1. Run the quick spin-label model on Asp155 and Asp171: label points 7 Å from Cα toward the beta carbon, then report their separation in nm to one decimal.
2. Given points 7 Å out from each Cα along the Cα-Cβ axis, report the Asn88 to Leu145 separation in nanometres with one decimal.
3. Taking the alpha-carbon distance from Lys190 and a cut-off under 22 Å, which lysines remain once sequence neighbours fewer than 8 residues away in the same chain are dropped?
4. What's the FRET efficiency of Glu30 with Ser70 using the Cβ-Cβ distance as r and R₀ = 25 Å, to the nearest 0.05?
5. Place a +1 charge on the Cβ of each Lys and Arg in the range 126-199 and a -1 charge on the Cβ of each Asp and Glu, then give the dipole magnitude about the Cα centre in debye, rounded to the nearest 20.
Amino acid sequence: MSSTSVRSAVSRRDLLLLLLGVGGPQSRAEGLGGITRIQKLLFLLEKEELVVPSGDGFTFEAYKAGPYSSKLYDDLELLENLGLIGRNIAAEGTEEEAAEIDLTFECLIGPEQEKDDPTGPAADAYEEHRFYLTGKGLHKVQSLLDDGKYKPLVDSVKKIRSRYAEHSLSDLLYHVYTKYPDMTSESEIKEKVLRRRRP
């Protein structure tokens, strides 16, 4: 984490809701696809906008697909259990993304999940999920947006979303890997990511 990062009064879960909820009505309804994409957007929010949620934040570490925080899995599960977010199976990745980076389940699961589930992934573990705000979640995000104290934070989230949310996963990973090479030391897909070049 950058020494100039600032702890925000916002919790990890509220920050995650804001990441899913800022932007126009269409982006709120569509949500964000893939835990890997959400991981990288939260990482870039910390690194490029210096936003770190209260407490100990997400505490990113280098792992199999770059910057990783096991806390994100817990937060997504809790928000889903609270009825604030939902998930559905996203469309399959494009052929271009599949050809450029072979992101297998083993590359993306966290160390805790690996140890806890020695039998391997469930049948649906290979499916990419898109996370979106429920009606209850939209109401919660609106209350966060209405709170003036979060305006600078909301502006930072909007900047990260506008810069990177529409990138292909390949381009997003390429940016993270080239700009933050210290977070690629454990990556099993590093060569594939760095081999590609954006036009």
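No value in this document is a laboratory result; all are computed from the given coordinates. These numbers were taken from a predicted model, which means no experiment stands behind them. In this analysis, Cβ positions are derived from the backbone assuming ideal geometry, glycine residues included, and neighbour counts consider all displayed protein chains.
1. Label-label distance for Asp155 and Asp171, simple model: 2.6 nm.
2. 2.1 nm
3. Counting by Cα, and skipping residues close in sequence, Lys190 has these lysines nearby: Lys40, Lys47, Lys64, Lys179.
4. Working: r = 26 Å, r/R0 = 1.04.
About 0.45, to the nearest 0.05.
5. Numbers: 16 positive and 11 negative charges, 65 e Å.
Dipole size: approximately 320 debye.
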